[in-house]
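Rule-based calculations on the coordinates, nothing more; no lab input. These numbers were taken from a predicted model, which means no experiment stands behind them. We place every Cβ from the backbone using ideal geometry, glycine too, and count neighbours over all the protein chains shown.
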Amino acid sequence: MEEFLTAHFWIAVGQIILIDILLGGDNAVVIALACRSLPPEQRRKGILWGTAGAIILRVILIAFALALLSVPYLKIVGAVLLIWIGVKLLVPEDEDEHSNIQASDKLWGAVKTVIVADLVMSVDNVIAIAGAAQGAGEQHQLALVIFGLLVSIPIIVWGSQLVLKLMDRFPLIITLGGMLLGWIAGTMAHSDPAVVNYLPQEKVWNYGFGIAGALLVLALGKLAQKKHASAQA
């Protein structure tokens, strides 16, 4: 029980909540689109059952990811993916990205759409959350993941509009979120089983790799923003 009161645990919880809000904003859009053709009295059920199914599926995927991260080189691969996800987060999205989400006028059809769409979109969340959970100690990683998801999902579903407005008003939130993914990527790569015997494992080195990852995402993100702006001009 004492481990749940440590700073490492609550820092990881905060990271998971922020990651799921930043990367899970699409989930609120998917839920709305999938349930838009349901009768009004069934929409709440569609949202609740679809969200519950998505949470269960994501916990299962993250449990597998946590186990796989102990395999040599997979943390490095995950770190590269997180860098890419962080950079992508800093580039404006196309407005028609969700145009292929089909609505259903049947409750379970809408629930299935939400779960399948969430599965397709969950790769970034799964990798990022599994990486954040690494810092909390092996014994409580899955409990940490479940707790973080349970806290963040209601924020996404019921507070998505507020979150989106805050992001629009304070773009720095998105930038910091992308850099957080870079930080997690750096610390993941530093602790990969394939390299731990060749790199100093003191905390200062772990922090150094985290800072390097955060700055790399920021630099690549700024470059990608310039290219996107030039393409739109």
**Complete:** As straight-line cross-link partners of K112, the qualifying lysines (C-alpha separation under 16 Å, not fewer than 8 residues apart within one chain) are K45
**Item:** Förster radius 35 Å - calculated FRET efficiency between I60 and V204, Cβ distance, rounded to 0.05
**Value:** 0.45
**Message:** Students often get this wrong: which residues of region 167-206 have the backbone nitrogen under 20 Å from the point 7 angstrom along Cα-to-C-beta of A229?
**Reply:** 167-179
